[in-house]
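Trainee: Take a look at this one; I'll ask things after.
The values are calculated or read from the model by the stated rules, or taken from the named source; none is laboratory data. Values in this document were obtained by computation on a predicted structure and should not be read as measured data. Here the Cβ is made from the backbone with ideal geometry for all residues, glycine too, and neighbour counts use every protein chain on show.
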Amino acid sequence: MVSAAAAAGTWKLGDLEVNRVGYGAMRLTGNGMMGNSDGTPIDRVVAVGLLHSALEQGVNHIDTAAFYFSPRRSANELINRALASWRDDVVVATKVGPGRDPSGEWLTMARPDQLRGQVEENLRQLGRDHLDVVNLRSDGMESVAEHFGALAELRAAGLIRHLGLSNVGPQHVAEARAIAPVVCVQNSYGLDWRHADETGLVDLCREEGIAFVPFFAIASLRREAAAAQEQDARVHTVALAHDATPAQIRLAWTLHQGPHVLAIPGTANPAHLAENIAAGTLRLTEQELALLDGPGEADV
């Protein structure tokens, strides 16, 4: 029987095949930006149980980062604990570039020679001898060549299996691909935020066989904040037709943008987890997609 997470199909990150619906771990540490302490983390046992539930529903792709932590929780360490008996069946993608000190304050972008330390910290926290996928998060860098080159050296040394990019433009993808293969690109993208369409990034990834992995697909313009009550009449109309939630429709729309588009919604709520994963089973009609792509209209 096809699992809920596999219902939307699969894609390969290099040689690693994953179900298109995955899980983003940021909210495991708290509800605030990147796990800052303005959110209350869920109980550790509950968090591990949530991850186990995701795996049981077919999720085999988890997105994380060493900088996803709060004073009482580390997303990587929760994942390490949860994957004790699933380790060979789950692809874990992490990010490097930005960093935070132990108090949670953001540090300046890591220098290329500091990336090995970030990779090794992820290895330690995740309890692995190599990382499946490491995404370089650019955060406004004009060029990624030097940083990506440093990660390519770590890939050649066996510390990293595959490389990706995050928060980049098409020019960064071209620059990186001249150095080493790029298996995925993570950018903010959703029904109300389609900058990656405007720049041609989604199409570029499709043409080159690169996974496009949106974040904030549900929260949209609210970004790291929890999704607010749905205000878009289009989304409500489609949700009613499918007996689905607005969040599910937003995820389904995202997955309909191409077979190379993955989803990594994050939540600390078991009910929302099941709903997010089930969004992969929804099939929107051409008319519904046209409605969602049309002019927005807020509910009165």
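Residue-by-condition table, conditions (1) touching a helix residue (DSSP H, G or I) at 6+ places or on another chain (Cβ under 8 Å); (2) farther than 24 Å from residue 65 by Cα; (3) not polar (S, T, N, Q):
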residue	(1), (2), (3)
164	no, no, yes
202	yes, no, yes
215	no, no, yes
234	yes, yes, yes
264	no, no, yes
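Trainee: Of all residues being in contact (Cβ under 8 Å) with a residue 40 or more places away in the chain and small (Gly, Ala, Ser) in the range 73-94, which is surrounded by the most Cβ atoms within 10 Å (Cβ to Cβ)? Just the residue, please.
Mentor: Ranking the candidates gives 75 first.
Trainee: Has the range 95-104 got any residue that is in a strand (DSSP E or B), touching a residue at least 12 places away in the same chain (Cβ under 8 Å), more than 19 Å from residue 60 (Cα to Cα) and not polar (S, T, N, Q)?
Mentor: yes
Trainee: Restricting to the range 53-72, give me the number of residues that are farther than 20 Å from residue 116 by Cα, touching a Lys or Arg at 6+ places or on another chain (Cβ under 9 Å) and either acidic (Asp, Glu) or surrounded by 20 or more Cβ atoms within 10 Å (Cβ to Cβ) (or both).
Mentor: 1
Trainee: What are the residues in the range 227-245 that are of a type in the set (D, E, K, R), surrounded by 15 or more Cβ atoms within 10 Å (Cβ to Cβ) and either within 14 Å of residue 294 (Cα to Cα) or at pLDDT 95 or above (or both), if any?
Mentor: Residues satisfying the conditions are 232, 234.
Trainee: If you don't mind, there's one more thing I want to ask. Kindly provide the set of residues from the range 271-290 that are buried (at least 17 other Cβ atoms within 10 Å of the Cβ), farther than 13 Å from residue 247 by Cα and among the hydrophobic types (A, V, I, L, M, F, W, C), ordered by number.
Mentor: Correct list: 284 only.
Trainee: Here's something else I'd like to know. Among the residues of the range 90-132, count how many are of a type in the set (S, T, N, Q) and closer than 10 Å to residue 66 by Cβ.
Mentor: 4
Trainee: Something else now. Looking at 18, 59, which one is at pLDDT 95 or above, over 17 Å from residue 126 (Cα atoms) and in a loop (DSSP other than H, G, I, E, B)?
Mentor: Matching residue, one of 18, 59: 59.
Trainee: Return the residue satisfying two criteria in turn: it lies in the range 128-146 and is closer than 19 Å to residue 157 by Cβ and not aliphatic (A, V, I, L, M), and of such residues it is surrounded by the most Cβ atoms within 10 Å (Cβ to Cβ).
Mentor: This residue is 135.
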